[in-house]
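**Q** Please see the structure below; I have some questions.
Just so it is clear, none of the values below were taken in a lab; they were calculated from the coordinates. Everything quoted here is computed from the prediction, not taken from an experiment. Every residue, glycine among them, receives a Cβ derived from its backbone with ideal geometry; neighbour counts consider all protein chains shown.
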Amino acid sequence: MNFQFESLDAFLTMNGHGPYVWACYAITFTVLICLVVNPLLQKKTFLKQQKKMAQLQKNS
């Protein structure tokens, strides 16, 4: 089996393109995580508000 890079350092630097490549990966994964977490937090907030409004209507 032939590896593209001779060492871990060569893999991380990718002939000078490493910082760009790894920054793109970091940005992509950050956005994907936000796209999953944000709706879950919004749902939690929405349900909490609905519960509070139902409680207020019940008491009035």
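**Q** Per-residue ellipticity at 222 nm for the chain, helices alone: DSSP H runs ≥ 4 residues times -39500 (n - 2.57), over residue total, nearest 500 deg cm²/dmol?
**A** Counting only the DSSP helices, I get -28000 deg cm²/dmol.
**Q** If you don't mind, there's one more thing I want to ask. Once the dipole of the chain is set up with Lys and Arg at +1 and Asp and Glu at -1 on Cβ about the Cα centre, which of TYR20, GLN49, PRO39 lies farthest towards its positive end?
**A** Highest projection toward the positive end goes to GLN49.
**Q** Any idea what the dipole of the chain comes to, in debye rounded to 20, about its Cα centre with Lys/Arg Cβ at +1 and Asp/Glu Cβ at -1? Kindly include the intermediate steps, with their values, before the conclusion.
**A** On the way: 6 positive and 2 negative charges, 208 e Å.
So the dipole magnitude of the chain works out to roughly 1000 debye.
**Q** Among PHE3, PHE11, which comes first, then next, by fewest other beta-carbon atoms within 10 Å?
**A** PHE3, PHE11
**Q** Also, quick follow-up: With N set to the number of residues, divide the alpha-carbon radius of gyration of the range 8-59 by 2.2 N^0.38 Å and report two decimals.
**A** So the range 8-59 has a normalised radius of gyration of 2.17.
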